[in-house]
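Below is one structure; the comments refer to it alone.
Throughout, read-outs are computed from the coordinates displayed, never taken from laboratory work. Please read these numbers as outputs of a predicted model, since none were measured by experiment. Don't worry about glycine lacking a Cβ; one is built from the backbone with ideal geometry, like all the others, and counts go over all protein chains shown.
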Amino acid sequence: MSQTTSPSSLSAHFARYASHYSATITLAVPVMFTQIGHMIVQITDNIMVGRIGTVPLAASSFGHNVFIAGLLFCIGFSAAMTPFVGAAKGKGDIQEATSWLKNGFIANLLIGTAVTLLMAIVGLFLDNMGQKPDVVRLARPFYFLMIISIPPVVLFQTLKQFSEGIGNTRVAAIITIQEIIINVGLNYILINGKFGFPALGVTGSGVATFIARCSMILTFGSIFRWSDFYAPYRAALRETQFSKEQVLRYIRLGIPLGGQTILEVAAFALGAIMMGWLGATELAAHQIAMGAAALTFMGATGISAAATIRVSQFYGAKDRVNMRSAGFAASHVVLAYMSLTALGFILFRFWIPTIYVQDPAVIAMAAGLLMIAALFQLFDGLQTVMLGTLRALADAKTPTIIAFVAYILVSLPMSYGAAFLLGWRETGIWTGYLAGLSVASTLFYVRFYRRSRTIPFA
């Protein structure tokens, strides 16, 4: 006789996860706001630049997609802070948590400097990436302004990831409000040439973003210095010594984490470059649809951050049952969230592009891409949350291999083949995205399911 799920078993299932749902959402919402705020800065740039023409929008898209790989590697690298600090928090060891702050700062500074120099070298070859000359001409100064914004972002991420590790996700959200206000105001002034300033166009958006990012670290540093919340950690910091071992442990975890991030970003960035081969209209449509998808994805990264915090703290406390439940609860939350945003993409696919441009060809093309985005969002949300749970367990090497297979061996070849060999053009490139994300989400989920059952506690 077949068995059916009874109301009582459903109630018991919900009761098992209910506390984890609420705790995950409580931590995730400020992170969502922080991440969405960062995306609002980028989207604001695109909207304001898009108002002055399709070519300037294509230029900012090109410059951003080349630059973003380096920036997100640094952000991914800095994420090593959270599992180390979270595990120390789970053990109730303030001194250990603070030691990771100091030595993680050193590691982040070293890597951030190296990436800044590397991206500057990459910028010398913008002419050789198959883009139209007028697009490259406008993209070049914007790109180099983005490069010099990496150091302040790295410093901000150091304090942000530390704060998340000890369970405080609100401070970064508050600072994000400041970033949005400064960026929007300076965009208006510098892009369009208001209040006596010259009209700088795409370059103006780069200047605005750089100034806004510098303001973020100055504000966060001031809060850390004067807030009573951080007082125990400031006191512990005075007793903390440089540890070569901790710096090296941080780097050993951070590089694979950054690698995981850059592999996915590489697939999307190279897809954008391939889109540029198709034309400015295709690239502009891609940027619009990707901007919308990236905005909703920031919600998923918030849930992922919450999963990392909670799983790492339960891991530090040696509580396997709650460690696993927290991870799986986060997957449930992200799938529910992404289902809602997918519905929004389907219903408003012709309206969303009009926020950016009025070109009918770009609007129609972007609407078609948003239909694909509605589906791949589910896989994108799940993969980033499960990756967050694995990050909490300091599990980096195998997930990096999975990311390589999914994004480099599956996504990129399928994008190119479908777009240029099958003739699916922009739809083909996004079909490759969908394939890579589906592989990644499935394998990350299986990895957490197995790893969380067997990982030994320190």
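Amide H neighbours of G53 under 5 Å, counting only residues 5+ apart in sequence or on other chains, H built in-plane at 1.01 Å?
none
Under 14 Å from the Cα of K132, which aspartates and glutamates turn up, not counting those fewer than eight places away in the same chain?
The reachable aspartates and glutamates, counting only those whose Cα sits under 14 Å from K132, are E282.
Hey, what number do you get for the chain at 222 nm if only DSSP H runs of n ≥ 4 count, each worth -39500 (n - 2.57), divided across all residues, to the nearest 500?
-28500 deg cm²/dmol
Whole-Hz Karplus ³J(HN,Hα) for the range 37-53, in order, using 6.51 cos²θ - 1.76 cosθ + 1.60 and θ = phi - 60°, x for Gly and Pro?
x, 4, 5, 4, 4, 5, 5, 4, 4, 5, 5, 5, 6, x, 5, 9, x
Report, ordered by chain and residue number, the lysines lying within cross-link reach of K397, taken as a straight Cα distance under 23 Å and ignoring same-chain residues fewer than 8 apart.
Straight-distance partners of K397: K244, K318.
Trypsin sites (Lys or Arg not before Pro), restricted to the range 214-251: which are DSSP loop and have at most 13 other Cβ atoms within 10 Å?
Working: sites: R225, R234, R238, K244, R249; in loops: R238.
Answer by residue number: R238.
Just from the alpha-carbon atoms, what are the Rg and Dmax of the chain in angstroms?
Rg then Dmax for the chain, in Å: 21.8, 80.
Between the range 373-431 and the range 133-173, what is the separation of their alpha carbon centroids in Å?
First find each Cα centre; the distance between them is then 23 Å.
Starting with the highest mean, order 444-456, 104-116 by the number of other Cβ atoms within 10 Å, averaged over the residues of each peptide.
Packing order, densest peptide first, comes out as 104-116, 444-456.
Could you give me the ³J(HN,Hα) list for the range 312-323, computed from phi with Karplus coefficients 6.51, -1.76, 1.60 and θ = phi - 60°, whole Hz, x at Gly and Pro?
5, 5, 5, 5, x, 7, 6, 10, 5, 4, 6, 4
If you average the C-alpha positions of the range 59-115 and of the range 277-326 separately, how far apart do those two centres end up, in angstrom?
Result: 16 Å between the Cα centres.
Can you run phi through the Karplus equation (6.51, -1.76, 1.60; θ = phi - 60°) for the range 283-291 and list ³J(HN,Hα) in whole Hz, with x for Gly and Pro?
5, 5, 4, 4, 5, 5, 5, 5, x
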